[in-house]
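The values are calculated or read from the model by the stated rules, or taken from the named source; none is laboratory data. All of these numbers come straight from a predicted model, not from anything done at the bench. In this analysis, Cβ positions are derived from the backbone assuming ideal geometry, glycine residues included, and neighbour counts consider all displayed protein chains. Heads up: the accessible areas ignore ligands, DNA and RNA and are worked out on the full protein's heavy atoms, side chains in. Shrake-Rupley method; radii C 1.70, N 1.55, O 1.52, S 1.80 Å.
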Amino acid sequence: MKTDKLRQEYIDFFKEKNHKFFPSDSLVPGDASVLFTSAGMNRFKPYFLGEVKGVGSAVSCQRCLRTGDIERVGKTPYHHTFFEMLGNFSFGDYFKKEAIEMAWEFLVEKLRINKENLWVSVYKNDQESFDIWKDKIGIPVDKIVKFGQSENFWPANVIDAGPCGPCGPCAEIFFDRGKNKGCQKDSCNPSCGCARFVEIWNLVFTQFDRQPDGSLKALPQKNIDTGMGLERMASVLQNKDSNFEIDILAPACAKVKEILGLSADFNKDYLVNSIVDHARAVIFSVADGVYPSNEERGYVVRKLLRKALWAANLIGYKRAFIYQLIPLFVELMQGAYPFIAEKAQIVEKVVKAEEEKFILTLDEGKSKLKEYLDQLKKEKKKILSADKLFFLYDTYGFPFELSEAAAGEFGAEIDKKGAIKLLAKQKERSRAGSKFSPEIFKKGCPLLAEKEATQFTGYENCEISAKITDIFPLKGTKVNWEDKRECLEKGQKGVVILDKTPFYTESGGQLSDRGIIKTNQGKFYVKNAYRIGAESVALHQGEVIEGVIKEEKARARVDNKRRKALSRAHTATHLLQASLREVLGEHVSQQGSLVDEDRLRFDFTHFKGLDFFQIEKIENLVNFYILKADKVCKENLSFQTAKEKGALAFFKEKYDNEVRMVSISDYSKELCGGTHLDNSSEIAGFMIVSEGSVSSGIRRIEAVVGSKFYQAFKDQKNKLIELAKMLKSSTAKIKPALEKELKSYKDCKSRVVKLEKEKVSGIAKKLIDKHLEQAAGKNLLIYDFTEINSLDLNYSNFFDLADLLKDKLDSFFAFFIGKQNNKLRFLSFCSKKLNDQGISCKDFIDSVKDDLSLKGGGTDKLVQGVVAKKEAGLTLKIKSYFVRFLNNESN
């Protein structure tokens, strides 16, 4: 049975059993606490928790990504990072008996697997499951194996180790590949670690709520969560020893072998298998909008791609090639995932760009790593230090895992924990730009745990009556939670909590509102507003600017001018994303943003820099949207409905079941809790001021709107006027005037280059006529251009001189000394004829550099470097050493 047919048979079977079919969700889950969708049940958490009603049972085939077993991928027949999980689920609809009976029916009657080849395992204390398998299904007792909580309870070891919450026993179904497989012992059963038994289906019976004391309390709603690995089941049905031999993976393995030029007797298939697995994971991840980067999901994708390239490197292949597999994976997978064909072009560009970038740094990084490892060997040490490991990561993009693999080949280990600590410190430093941030509240206050979320009224009203409920002083930049105050006096800084607030608290990239909290006795200037804690309590940080602030009724008023400027920037950000997707493609997705007063910064996925015409087109499109004067609509609706309407979600955010969607005509729909204008025309104007790279695959645009747009426009106009004055022209004729000046400059430069060439030619003739010597039967040109009364030539012209001499002389060795930026430098080179005779400039310099204080590097034909310490008679010593070198070479 082909894999595509197996997938469809499973779905159809459970649809006939009244299960609602859910197409595969993205690899990027809506839950920010999880990097990737790692199991079929991820999307159903709201159903299991009873938060979403109306569905009793479901079936899906979910694409998943896990890296927990990444080191085993390729080395075992069944492990993957990317895989498909078939699953049927019950949310209080049916339980053990029905789940077991349907599983058995599907395997034996639908797939026609010989029941004699099926074994099961149950949790040792789950007598109910044991009896169903024995009495209802009729499995012989000797084919039902009992395991403990580490194997047959979910989560594993939950009874002894926690965590508290929903849990339950499992039943696992195994396929027996036959006595001639694995260890071949008569006593072999699913508890054996050999390859005879293949686990094909796991049925989880979520029936308990684990308590703090370790006891299990029955859940009011008992659920079913099952998982069958599609690839693993396909390998059983296709009678293959490995998942990598099935119809959707074997062609990819063959293609990799073809690209890498591997012979039929190649005996390291585990490397090919890991390449195929990681390539498929990368392709689907990028198609789902996750680009390679140094953070979170992007780092996982980068790690997978680099591990695949590293595996090829170990085989001896050192070029980009993963991108060549994309058309094949489209062909193999588009039946179930048609979107992969739609995204193929952009995926290919992203993957190829990332491959080429890594290969450029790989050789340099490997050289540095080898240098470190050679030093370890000399020092008779076995551990590569954290600082060197981090340097390789930070400078050359070497994931720790690659350094670990390379070090292992040298019999060394790495200080990975230490390097991870250094990485964490680096991230902390990059976050330390703001003196006052929500981080200072992390220790929190017990009083806040009792408070409910602060109601936000600022969408409708920017000035409201409220009540001050709590006051805390600031101690430096931190809140002194131990010192709850009755009041703050003029000049004192602190935090004020209101029962409700019109102040937008910083989130989603938008900076907070500012304004005034006024009471009968004083005024408090709000400089920053943040939310903290699970209860999302709003804190207003600032300073008393008049009188005294106490816990009493107050009037809270937002600075309307700042709010309007923030709203202009935020609405413009939405128009920018819409324009980027229109101009560059729908692969563009938000990776981060900053919304400030009439200024914005937007990070987005794209594989290369934008050219002038693209930037102009994007800028023009945003301004076109502004001039359209479209209404900006905001509405609250369910997350699922918003997604169905095509709303873009920022996948680093965690969304509630009810969300706020901001729509502008038919070209922009985004989930967003920020403040916005009512009409696009209020933005006034939009100008991109910079575009650049944040990391591989992530670009950044900075732009201005509103008042800052007018100021930027005015600044540009003034610069044009100044330039026109410098060119003695008008702004209308600035282009021809500049072209005239550039032509004049180019003409002058050409004359200078011509004169320099004539000068170099003359010096070459003088060197040959007066300074060419013979030694050991070879022509030598050794000259110091820094000596008094020497020929006048800059070091920057040495390479032109070298080319001229090579044209004029058939066989020679040269060594020149010159100055550049007040440093003594040298250039050593020789003719091709000497090279062919086995004379190497690199070998010669290596043999004398310590004695003559030379530092440099190069090739057999040419070496350049620095004269660290010039000694008297250096040219004579060079000649003497070269003659000795020639004699040694001939010997």
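Which of the aspartates and glutamates could be linked to K181 by a straight reach, that is with a Cα gap under 13 Å, when you skip same-chain ones fewer than 8 residues away?
Output for K181: D241.
Report, to the nearest whole %, how much of the accessible area of the chain belongs to carbon and sulfur atoms, 1.4 Å probe, protein only. The partial results should precede the final answer.
Details: 20830 of 44000 Å².
The C+S portion of the solvent-accessible surface of the chain is 47 percent.
Over the range 521-638, what is the relative contact order in whole percent, taking alpha-carbon pairs under 8 Å and six or more residues apart?
Working: 115 pairs, mean separation 20.7, N = 118.
With pairs under 8 Å counted, the relative contact order is 18 percent.
Along the positive direction of the dipole of the range 189-252 (beta-carbon charges: Lys, Arg +1; Asp, Glu -1; about the Cα centre), which of L249, I200, L237 reaches farthest?
The residue sitting farthest along the positive end of the dipole is I200.
Which option, (i) 2, 9, 14, 16, 18, 16, 11, 8, 5, 1, 0; (ii) 2, 10, 17, 22, 23, 16, 7, 3, 1, 0, 0; (iii) 2, 11, 20, 23, 20, 13, 7, 3, 1, 0, 0, is the value of P(r) over Cα pairs in 10 Å bins from 0, in percent that was calculated from these coordinates?
The value computed from this structure is option (i).
At 1.4 Å probe radius, can you tell me the per residue accessible area of the range 659-739 in Å²? Present the calculation step by step, with values, prior to reporting the outcome.
Details: 4250 Å² over 81 residues.
Solvent-accessible surface per residue comes out at 53 Å².
Could you work out [θ]222 nm for the chain from helices alone, using -39500 (n - 2.57) per DSSP H run of at least four and dividing by all its residues? Round to the nearest 500 deg cm²/dmol.
Using -39500 (n - 2.57) per qualifying helix, the result is -12000 deg cm²/dmol.
In terms of Cα to Cα distance under 16 Å, which lysines are near enough to K757, apart from those fewer than 8 places away along the same chain?
Qualifying lysines at Cα under 16 Å: K749, K765, K766, K806, K808.
Label-point separation (nm) for N117 and K740, each offset 7 Å from Cα along Cα-to-Cβ?
8.8
Suppose each label sits 7 Å from its Cα in the direction of the beta carbon; what would the E379-D769 distance come out to in nanometres?
The two pseudo-label positions are separated by 5.7 nm.
Test of understanding: what is the full-extension gain from S761 to S665, defined as 0.36 nm times their sequence separation minus their Cα-Cα distance? The partial results should precede the final answer.
Details: separation 96, 0.36 × 96 = 34.56 nm, distance 6.94 nm.
Full extension of this stretch gives 27.6 nm more.
Which distance in nm do the two modelled labels at N835 and I615 give, with both placed 7 Å along the Cα-to-Cβ direction?
Placing both labels 7 Å along Cα→Cβ, they lie 4.1 nm apart.
Tell me the per residue accessible area of the range 105-231 using a 1.4 Å probe; a whole number in Å² is fine.
On the way: 5930 Å² over 127 residues.
Heavy-atom SASA per residue in the range 105-231 reads 47 Å².
So for each of 248-259, 7-18 I average, over its residues, the number of other beta carbons within 10 Å; can you give me the resulting order with the highest mean first?
Numbers: 248-259: 18.4, 7-18: 15.9.
Packing proxy ranking, top to bottom: 248-259, 7-18.
Dipole of the range 721-777, Cα-centred, from +1 at each Lys and Arg C-beta and -1 at each Asp and Glu C-beta, to the nearest 20 debye? Present the calculation step by step, with values, prior to reporting the outcome.
Working: 15 positive and 8 negative charges, 63 e Å.
About 300 debye.
Work out how much length N636 to S690 would gain on full extension: take 0.36 nm times their residue separation and subtract the Cα-Cα distance, in nm to one decimal.
On the way: separation 54, 0.36 × 54 = 19.44 nm, distance 3.45 nm.
Result: 16.0 nm gained on full extension.
Please compute the contact order of the range 1-123 in relative form: average sequence separation of alpha-carbon pairs under 8 Å and at least six residues apart, divided by the residue count, as a percent. Walk me through the intermediate numbers first.
Numbers: 140 pairs, mean separation 28.8, N = 123.
The value is 23 percent.
Putting +1 on Lys and Arg Cβ atoms and -1 on Asp and Glu Cβ atoms, find which of L332, V28, M102 reaches farthest to the positive end of the dipole of the chain.
Towards the positive end, the residue furthest out is V28.
For E546 and S507, what is the calculated FRET efficiency with R₀ set at 30 Å and r taken between the beta-carbons, to the nearest 0.05? Write down the numbers at each step before the final one.
On the way: r = 29 Å, r/R0 = 0.98.
For R0 = 30 Å, the calculated efficiency reads 0.55.
Excluding ligands, DNA and RNA, what is the solvent-accessible area per residue of the range 1-76 at a probe of 1.4 Å, expressed in Å²? Could the numbers behind the result be given before it?
Working: 3520 Å² over 76 residues.
The answer is 46 Å² per residue.
Report the charge-dipole magnitude of the range 305-407 in Debye, nearest 20, computed about the Cα centre from +1 at each Lys and Arg Cβ and -1 at each Asp and Glu Cβ. Don't skip to the end; give the middle numbers.
Values: 17 positive and 15 negative charges, 98 e Å.
Computed about the Cα centre, the dipole is about 480 debye.
Dipole of the chain (Lys/Arg Cβ +1, Asp/Glu Cβ -1, origin at the Cα centre): which of G87, G68, F524 lies farthest to the positive side?
Of the candidates, F524 comes out farthest on the positive side.
No solvent, one uniform scatterer per C-alpha: report log10 I(q)/I(0) for the range 279-341 via the Debye equation at q = 0.12, 0.15, 0.25, 0.26 1/Å, two decimals.
Computed log10 I(q)/I(0) values: -0.32, -0.49, -1.05, -1.09.
Let's see if you can work this out: charge +1 on each Lys and Arg Cβ, -1 on each Asp and Glu Cβ, no other charges. What is the dipole magnitude of the chain about its Cα centre, in debye to the nearest 20?
On the way: 142 positive and 124 negative charges, 604 e Å.
Once rounded to the nearest 20, the dipole reads 2900 debye.
Using alpha-carbon pairs under 8 Å, 6+ residues apart, how would you state the relative contact order of the chain in percent?
On the way: 1572 pairs, mean separation 56.6, N = 891.
So the answer I get is 6 percent.
Stretch K869-N267 to full length: gain in nm at 0.36 nm per residue minus the Cα-Cα span? Present the calculation step by step, with values, prior to reporting the outcome.
On the way: separation 602, 0.36 × 602 = 216.72 nm, distance 5.38 nm.
So the extension gain works out to 211.3 nm.
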